[in-house]
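I have placed the structure first, in the form of structure tokens, so that the comments after it can refer back to it.
The values are calculated or read from the model by the stated rules, or taken from the named source; none is laboratory data. None of these values were measured; they are calculated from a predicted model. A quick note on method: Cβ atoms are made from the backbone with ideal geometry, for glycine too, and the neighbour counts reach across all protein chains shown. Surface accessibility is based on the protein's heavy atoms, side chains included, excluding ligands, DNA and RNA. Shrake-Rupley method; radii C 1.70, N 1.55, O 1.52, S 1.80 Å.
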Amino acid sequence: MKAGLFILMFLGIASQAVADPEADRVAFEKFYKERLPGIEIAAHKDGAYALDAAKREQWLEIEDFPPYEIAVDEGESLFSVAFANGKSYTDCFANGGMGIKQTYPYFDLDRGEVITLELAINNCRDANDEAQLDYMGEEMGNISAYMAFTSRGNKFDIKVPEEAVEAYEQGKRFYYERRGQLDFACSSCHMDIVGGLLRAEILSASIGHATHWPTYRFKWEQIGGIQRRFLQCNEQVGAESLAQQSKAYRNLEYFLTYMNNGMELNGPASRK
């Protein structure tokens, strides 16, 4: 089945009276199994390196001395520093913040919104009268990298309760809607022409997109979160840039992460 036809059928699910995220996820996984039959679904946690043997070998050599290693160490130190009131990050998170990234983002029933890990970090700071961190800053990247590192090997277990369906659907629509001067959607690259080349780069599958964040990207020369990649993609297609942790980006992350349910976390990671 051609990707464009599949996507039209997939979008048809959105018009049903009752949303079924799990049916969406099964269809999403089925698409990639048929489009890239030689690649196991679990292998997509490595992104484009699952699709190119030569680049994978180069990447594995880099992973012997990963560029995010210092960020993880610094993140551990920052995470352990007490706030002025004597409390710390450990007081804000289940299990003291260790090994919990597989539950983010989640829908907060009291707030009525999607909470990402980065937003939760700043919410913790707010609750303890500390200044918020820059979402694209080094300190946020390091703390989230450390928390992700403690969650390696865990599998995503994202829930979509009835109250969260609209947020999920908004994220889903964002993924498939075309925008910008190039009239591209997220699905244009990562479903329509997945596995193909765009400016000499292999286009990875969205089925593994949520597993490895935050990521050290060599073009950034620092570690950053998945929403920084959303922002960059929007800019590349000539669309309006949205603020980090905007409602639209949080809902997109919610949808995309649910599509990765059951996949193993392997972040932080390194990417070109």
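Listed values, structure above:
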{"read-out": "Any hit, region 120-140, residues being assigned to a helix (DSSP H, G or I) and among the aromatic types (Phe, Trp, Tyr)", "value": "no"}
{"read-out": "Residues within region 94-135 that are of a type in the set (Gly, Ala, Ser) and in contact with a helix residue (DSSP H, G or I) (Cβ under 6 Å, 6 or more places away or on another chain), tallied", "value": "2"}
{"read-out": "All positions within region 136-195 that are acidic (Asp, Glu), touching a helix residue (DSSP H, G or I) at 6+ places or on another chain (Cβ under 9 Å) and touching a residue at least 12 places away in the same chain (Cβ under 8 Å)", "value": "GLU138, GLU139, ASP157, GLU169, ASP192"}
{"read-out": "ILE39 vs. criteria touching a residue at least 12 places away in the same chain (Cβ under 8 Å) and of a type in the set (A, V, I, L, M, F, W, C)", "value": "yes"}
{"read-out": "Filter result for ASN234 (surrounded by 17 or more Cβ atoms within 10 Å (Cβ to Cβ), touching a strand residue (DSSP E or B) at 6+ places or on another chain (Cβ under 9 Å) and at pLDDT below 95)", "value": "yes"}
{"read-out": "Pairs where the first residue, in region 88-115, is without any contact (Cβ under 8 Å) to a residue 40 or more places away in the chain and open to solvent by 30 Å² or more (accessible area, probe 1.4 Å) and the second is assigned to a loop (DSSP other than H, G, I, E, B) and aliphatic (A, V, I, L, M), C-beta under 8 Å, 6+ apart", "value": "ALA94/ILE100"}
{"read-out": "Output for region 141-169, where each listed residue is buried (at least 16 other Cβ atoms within 10 Å of the Cβ), part of a loop (DSSP other than H, G, I, E, B) and among the small types (Gly, Ala, Ser)", "value": "SER151"}
